[in-house]
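Taking it in order: structure first as structure tokens, then the write-up.
The values are calculated or read from the model by the stated rules, or taken from the named source; none is laboratory data. Being a predicted model, the structure only gives us computed values, none of them experimental. Glycine gets a Cβ as well: all are built from the backbone with ideal geometry, and neighbour counts include every protein chain shown. The accessibility values were calculated without ligands, DNA or RNA, using every heavy atom of the protein model including side chains. Shrake-Rupley method; radii C 1.70, N 1.55, O 1.52, S 1.80 Å.
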Amino acid sequence: MCGIVGFYNNDNDKDVVIKKMADRIKHRGPDGDGFYCDNNIALGHRRLSIIDIDGGSQPMFTQDKKLVVVFNGEIYNYRDLKETLQEAGYKFENNCDTEVLLHGYREWGEELPKKLRGMFAFALWDIDNKTLFCARDHFGIKPFYYYKKDGLESGFAFASEIKALLEYPKFEKKVNKKLIGPYLSFSFTPTNETLFDSVYKLLPGTSLTIKDGNMEIKTFYELEFNEKEYKFEDLVDEISRTMKDSVEHHMIADVEVGSFLSSGIDSSYMVSLARPDKTYTVGYDDPRYSEIDYAKDLADKLGISNVSKKITKEEWIGAIPKFFYHMDEPSSDPSAISLYFVSKLASKDVKVVLSGEGADEFFGGYNYYREEVDMKFYNKIPYPIRHFLAICFEALPEFKGRNFIVRRGKKIEDQYVGVNNIFSEKERKKLLNFEDTIKNRDITRPLMEKCKNGSDIVKMQMIDIRNWLLNDILLKCDRMTMASSIEGRTPFTDKEVFNLARTIPVEHKVTKDNTKVALREAARRDIPNEAYKKKKLGFPVPIREWMKEDEFYKEIRRAFEEEYVEEFFDRKYILKLLEDHKNCKRDNYKKVWIIYSFIKWYEIFFLGKDYDKISA
């Protein structure tokens, strides 16, 4: 696990600039750095040593010094690829997975990413042909951002984290206001753009090539579903085999591998298969928000260690500036701060941890999906009637049952934005102090079109994998582990696991009784307690209650009352949201938090506030 940076142009002082960019993300790789510069390119690397500790330094070159690469991630099938390349005549100088990228590119060219199983973001420079080739893994486990203002002549830079791009001399820092509206609905930025103007994400399963002053982006992996018929027991056998294989691959390392452990099925199944010596759990004093006892019970039954910590309210609030600095963009997910603390806890002992991201999206784990099964009776009402009722109810103030009527009176393509839909487009118009131009369906419809013949549950899975998993779940895993200089690995978010999961029929994913039905049955075979039955908690945080207490309430009110907030939000509207929550008139904690998140992000990156707390 590492951090990569680079830029493509003829700028002066390349060596000075590239070092500044790399130093900005030193936390991603405290074990060493390396740089390469020529007339056209500058590449930088920060290393966290995991595989071939002595021989894996980067940038790494081919023996003839004609190809050079910087790479962030792990290639889990590198041994198989290495053997194939050796049979083709390639000679290897070390035991690191990075070298496979160099020889693999020479052998397969732009087809290389299709051969890889793992998490990766890399940039490879062909020195003779003056060609830059970059790629990001199939599901976006590893980040890749790039800055491009107008044409390449105005500069092109890339990095593992946006903060490194701020050191690029041609970077013009400006808020991308048109994405604020979608951020408020989806709870993250749901396109290839970011809230920093002219900063883009290289999307999962795509490559980027720059040659002769032209940039081209190609897709090498499409997310597709292809449901098959299974006997239930045969499917469970296949899940069991595939998960054991994935966990085995994710345990490859020359350092100790630990694991996060909660009370739920995902991490419990993963830990039961991996049997790491050390596991890590965090919780809170309130038992409703703590999974420590459950995790300890499983660890005891498996005969492995579990280290836990209870996070205090003061610690959690105190970590907010560091959290937003490391996230780079505002986050609506307060559980990410819990992940920050459990990563910090694990970093005292290990460099690598397993984590359970991806199971819900691949295997149908969200309770929201059950509505498609539980409420089939309502769908028997003719759609025109349901649609008319939805229009009528949408005009009414919120009350229990209103949102259900509104949802069920719209086609999934017109209403589903993900598992954490916060502000409606109608509310955004009241909230924002500028024109809101992007419609939610403009973002979701192209994704749903790819599975237009699938069930509504499959369409929701498509949205959640390409949006929620990518821009929330995997993003926070990468950022929070890297903030503590450890590598997070996600055995569920694996190419071979998805190749199976995409074929599972709906009835083996979601029923009236449960979610992740087939996965739970596979997990039951290996988990020595009843975690396979447990309903999803989702890393709960007592933020709903803390917002009503003076300390946190006053901080949020302070932020909402700042003058610069008026550039973005109607101050009266957001203060009413806060007051209604504090006075128990309405549960607005998600709405309050997402607005506060944006303001804190703006204060840190645009006003330079709280840097003393970030560096402490």
| field | Selection count where residues are surrounded by fewer than 17 Cβ atoms within 10 Å (Cβ to Cβ) and either of a type in the set (K, R) or under 26 Å from D349 (Cβ atoms) (or both), scope the range 314-334 | value | 3
| request: Kindly state which helices (runs of 4 or more DSSP H) lie completely within the range 228-319 and contain at least 1 residues that are among the aromatic types (F, W, Y) and out of contact with any His (no Cβ under 7 Å at 6 or more places or on another chain). | output: 265-274, 292-302, 313-318
| note | Exception for A135 within (1) open to solvent by 10 Å² or more (accessible area, probe 1.4 Å); (2) touching a Ser or Thr at 6+ places or on another chain (Cβ under 7 Å) falls at (1)
| remark: Filtering the range 440-488 for residues that are at pLDDT 95 or above, open to solvent by 10 Å² or more (accessible area, probe 1.4 Å) and either touching a His at 6+ places or on another chain (Cβ under 7 Å) or assigned to a loop (DSSP other than H, G, I, E, B) (or both) leaves a count of 3
| field | Pair list, Cβ under 9 Å, 6 or more apart: the range 429-450 residue aliphatic (A, V, I, L, M), other residue surrounded by fewer than 17 Cβ atoms within 10 Å (Cβ to Cβ) and part of a loop (DSSP other than H, G, I, E, B) | value | L431/D570; L432/D570
| message | Test of understanding: among K142, K114, which residue is under 24 Å from the mean Cα position of the chain (by Cα), modelled with pLDDT of 95 or more, of a type in the set (K, R) and not in a helix (DSSP H, G or I)? | response | K142
| note | Per the filter on the range 494-507, residues crowded, with 21+ Cβ neighbours inside 10 Å and out of contact with any Ser or Thr (no Cβ under 8 Å at 6 or more places or on another chain) are F498, A501, I504
| Within the range 370-426, which residues are open to solvent by less than 70 Å² (accessible area, probe 1.4 Å), touching a residue at least 60 places away in the same chain (Cβ under 8 Å) and of a type outside the set (A, V, I, L, M, F, W, C)? | R370, E372, D374, G418, N420, S424, E425
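Select from the range 84-130 the residues that are in contact (Cβ under 8 Å) with a residue 24 or more places away in the chain and hydroxyl-bearing (S, T, Y) and write down the one among them that is surrounded by the most Cβ atoms within 10 Å (Cβ to Cβ).
T98
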| message | Quick check on my filter: what residues within the range 19-60 are closer than 29 Å to D254 by Cα and assigned to a helix (DSSP H, G or I)? | response | K19, M21, A22, D23, R24, K26, H27, R28
| request: Evaluate the following for P491: is it crowded, with 16+ Cβ neighbours inside 10 Å, under 30 Å from Y340 (Cα atoms) and modelled with pLDDT under 95? | output: no
